[in-house]
Amino acid sequence: MHIEWTTFFIQIVAFLILYLLLQKFAFGPLFGMMEKRRQLVKDQIQTAENSRKQAEQLLEEQKQALQQTRKEAHDIIEQAKQTSSKQADEIVIAARAEADRLKDEALKDIENEKNKAVAALRSQVSAMSVLIASKIIEKQIDEKSQSELVETYLKEVGGNV
């Protein structure tokens with residue numbers, strides 16, 4: 001194989017000229033376009049990363065807000081339970097006080113009715129005693145007749161009371 005040096009140098013010069021022309025007119029814009037594309041992809045990745053971080057932050061904030069809301073709901077429920085328990089206790093205490101008051105009134109009414117009955121009985125007994133005494137005075141009877149008379153009046157008094 002024989003190398004022709006003149007052709008070889010011409011080919012090298014043509015190659016260098018072609019390379020310089022490609023460098024200036026093709027590679028420059030091509031590499032510039034590729035650099036722009038690389039920067040665009042890098043910016044999109046950065047934007048996606050920022051969006052992901054914001055989404056995670058919002059998710060964490062929502063979790064905290066939800067947890068806070070649950071805690072507040074639990075506190076409200078506990079407060080309602082305590083309030084209802086207090087109201088139930090107050091209602092029971094009021095009912096007991098009312099029952100005691102009604103019982104005291106009933107006992108007073110019973111005592112008053114008893115006193116009225118005793119007074120009425122005393123009045124009837126006094127009237128009967130006077131009646132028996134007047135009957136005894138009217139007729140003098142022996143002891144046996146007097147017993148029968150007393151028993152008869154006692155039966156009458158027992159029937160009236």
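The values are calculated or read from the model by the stated rules, or taken from the named source; none is laboratory data. What you see is a predicted model, and the numbers here were worked out from it, not measured in a lab. Surface areas here come from the heavy atoms of the whole protein model, side chains and all, with no ligands, DNA or RNA. Shrake-Rupley method; radii C 1.70, N 1.55, O 1.52, S 1.80 Å.
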GNM result for the chain, Cα springs below 10 Å: residue of LEU66, LEU58, LEU18 fluctuating most strongly: LEU18
Which of ALA97, ALA117, ALA73 moves the most in a Gaussian network model of the chain with Cα springs under 10 Å? ALA117
Looking only at LYS71, LYS42, LYS81, which one moves most when the chain is put into a Gaussian network model with springs between Cα atoms under 10 Å? LYS42
Taking only C-alpha positions in region 1-73, Rg and Dmax in angstrom work out to 29.5, 96
With the other protein chains left in place, how much accessible area per residue, in square angstrom, belongs to region 1-94 at a 1.4 angstrom probe? 95
Under a straight-distance cross-link criterion of Cα-Cα below 21 Å, which lysines are reachable from LYS42, leaving out those fewer than 8 residues away in the same chain? LYS53
If you bin the C-alpha pair distances of the chain every 10 Å from 0, what whole percents do you get? 7, 11, 8, 7, 7, 7, 6, 6, 6, 5, 5, 4, 4, 4, 3, 3, 3, 2, 1, 0
Carbon plus sulfur, as percent of the 1.4 Å-probe accessible area of region 1-123, comes to 63
